[in-house]
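Q: Got a structure here, written out as structure tokens. Questions coming.
The values are calculated or read from the model by the stated rules, or taken from the named source; none is laboratory data. Source: prediction; values computed, not measured. All Cβ positions, even for glycine, are placed from backbone atoms using ideal geometry, and neighbour counts span all protein chains on display.
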Amino acid sequence: MDPERARTLLHEELAWTAETADLATEDAPAGPDADRLAAGTDFGDSGSRATESMDHDLTVNTLRGRRERVEEALARLDRGEYGRCAVCGAEIDDERLEIRPETDRCREHPEDDRQMPGPVES
């Protein structure tokens, strides 16, 4: 893949993650004490708030991981290592890089745990 095309895709991905993170922050559920302070809450309200909070945390964590992978891809691009599989060293095809410009894996190698969302840090 042309390095300038890769850089454009990666910067578009960074912009998307920042915009999505901003939206997620705006829509953040109220803290755990909000249910106790609200009048007329019941067990169902508390469960709904807990689910919303977990969904929010998952979204934020997923975006954080995605941003880190994009930043790592930009660093590989700067070092001249972009577009090569981290496992076997084979060239990653352009079609895959168009879809997932941050990837460091060819189609033959699955994603590792580092590339999957983990727990949200508080």
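Q: Taking interchain pairs and intrachain pairs at least six residues apart, which have beta carbon atoms under 7 angstrom, with the first residue in the stretch 63-86 and within 19 Å of Arg107 (Cβ to Cβ) and the second among the charged types (D, E, K, R) and exposed (fewer than 14 other Cβ atoms within 10 Å of the Cβ)?
A: Gly83/Glu91; Arg84/Glu91
Q: Tally up the residues in the stretch 52-72 that are surrounded by fewer than 18 Cβ atoms within 10 Å (Cβ to Cβ), over 15 Å from Asp22 (Cα atoms) and charged (D, E, K, R), please.
A: 5
Q: Exactly one of these conditions fails for Arg5: (1) within 22 Å of the chain's Cα centre (by Cα); (2) of a type outside the set (A, V, I, L, M); (3) at pLDDT 70 or above; (4) farther than 19 Å from Ala75 by Cα. Give me its number.
A: Among (1) within 22 Å of the chain's Cα centre (by Cα); (2) of a type outside the set (A, V, I, L, M); (3) at pLDDT 70 or above; (4) farther than 19 Å from Ala75 by Cα, the lone unmet condition for Arg5 is (4).
Here's the yes/no breakdown for (1) within 18 Å of His11 (Cβ to Cβ); (2) touching a helix residue (DSSP H, G or I) at 6+ places or on another chain (Cβ under 8 Å); (3) at pLDDT 95 or above; (4) outside any helix (DSSP H, G or I):
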residue	(1), (2), (3), (4)
Asp57	no, no, no, no
Asn61	no, no, no, no
Arg67	yes, yes, no, no
Ala75	yes, no, yes, no
Asp78	yes, no, yes, no
Val87	no, no, no, yes
Leu97	yes, yes, yes, no
Pro110	no, no, no, yes
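Q: Also, I was wondering about something else. Taking the stretch 73-106 as the search range and keeping residues that are surrounded by 18 or more Cβ atoms within 10 Å (Cβ to Cβ) and among the β-branched types (Val, Ile, Thr), which one is farthest from Thr17 (Cα to Cα)?
A: Ile92
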